[in-house]
Amino acid sequence: MSTVIYCFRQGISNLKKNLLFSIASTVTISACIFLFCLFYCLVMNVQHIAYNAETTIGISVFFNEGVSMDEKEAFRDAVIEHGGIKEINYKSADEAWEDFKEDYFGEQSEELAEAFADDNPLAHSDSYEIFLNNIEDQDSEAEFIRSFDIVREVNYANTVVSALKSLNRIIYAVSVVLIGILFAISVFLISNTINLTAHFRKRENEIMKMIGATNGMIRAPFVIEGTIIGFIGAVIPLGLMYYIYHQAEQSAAAYISRSGALSSLSDIARLIPFNEIYPKLVLAGTALGVGIGFVVSFVTIRKHLKV
């Protein structure tokens, strides 16, 4: 226990002796982990929104005027027989109009819709909503549906999802480059901090080695120093992300609830819940910070053990 206490004291003492280098290393690691957490949240939420768009919107099929209900039911049976369908629901023109009024007029739907009286603007907009077992089959399924002569229009989330996936790839590429640069700077600064401390303690290390101290005993304070730098460098950005993500989630939810035009898309546009994503950030951020500090200090001090 006394050895452990000694190593911790020496590690903290090393931090104080090289305060400026320690602060620079901590700030750089903090920036690296902050960007990691930020881009991780962006990538995961874009994927989350893309998945919700794929699974929630599905494929909407509209028919030509004059198509009988029997023909529509025959179409439904053919689509089911084609396979790959998770769910298929019929929405009448009246139901479509009611949904439209609620989504776009909100609480004032009755007053604003009185101008139409019994004249349904969506009289020929009855449709089937089709959801697939595998969302990757959307294009082929849409092509199959278009082969029916009674089908007037096929709408699905292909464009939206493709845009979200492209955005996701861009965010991922930018994050890899920036985090890689900051990671390299972090390694350089921590390595320099450990080298500087080891240089000042060279004579002390030689004496300890002569009286029988093991390499582990000599190395431990430096490793503890690097680990502390990494840990503090992780705590700071995690605290910032706690506040930023919590505020972002609340702001997004409030905006969606205030916007009638987005009410129908609220399930799609909502962010990943804070209590689902933050524990992963804490685990990944802490492991990254402590891991960088531990590994860099452990490797750097090795060459100073040959005394």
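Computed quantities for the displayed model
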{"read-out": "Solvent-accessible ranking of D70, D77, D149, largest area first, probe 1.4 Å", "value": "D149, D70, D77"}
{"read-out": "Most to least packed among 31-38, 221-228 [average Cβ atoms within 10 Å]", "value": "221-228, 31-38"}
{"read-out": "K91, K16, reordered so the largest accessible area comes first (probe 1.4 Å)", "value": "K16, K91"}
{"read-out": "Calculated from backbone phi, Karplus (6.51, -1.76, 1.60) coupling profile of region 127-132 in Hz, x at Gly/Pro", "value": "7, 10, 9, 10, 10, 9"}
{"read-out": "Distance in nm between pseudo-label sites at E129 and Y242 (7 Å out along the Cβ direction from Cα)", "value": "4.0"}
{"read-out": "Residues whose placed amide H lies under 5 Å from that of D126, excluding near-sequence neighbours", "value": "A93"}
{"read-out": "Listed residue (T3, S60, T26) projecting farthest to the positive dipole end of region 1-84, Cβ model", "value": "T3"}
{"read-out": "Probe 1.4 Å - accessible area at V154, Å² to nearest ten", "value": "20"}
{"read-out": "Cβ-derived FRET efficiency at R0 22 Å, E153 paired with D77, nearest 0.05", "value": "0.60"}
{"read-out": "Normalised alpha carbon radius of gyration of region 13-81 [divisor 2.2 N^0.38 Å]", "value": "2.58"}
{"read-out": "Placed amide H near G58: partners under 5 Å, 5+ positions off or other chain", "value": "A157"}
{"read-out": "3J(HN,Hα) from dihedral phi, region 13-27, Karplus parametrisation 6.51/-1.76/1.60, rounded to Hz, x for glycine, proline", "value": "4, 4, 4, 5, 5, 10, 4, 5, 5, 5, 5, 4, 5, 5, 5"}
{"read-out": "Spin-label pair L167/A184, simplified geometry with 7 Å Cα→Cβ offset, distance in nm", "value": "3.0"}
{"read-out": "Estimated inter-spin distance, Y255 and A287, nm [label 7 Å along Cα→Cβ]", "value": "3.2"}
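The values are calculated or read from the model by the stated rules, or taken from the named source; none is laboratory data. Please read all numbers here as calculations on a predicted model, not as lab measurements. Don't worry about glycine lacking a Cβ; one is built from the backbone with ideal geometry, like all the others, and counts go over all protein chains shown. Just the protein is used for accessible areas: all its heavy atoms, side chains included, with ligands, DNA and RNA removed. Shrake-Rupley method; radii C 1.70, N 1.55, O 1.52, S 1.80 Å.
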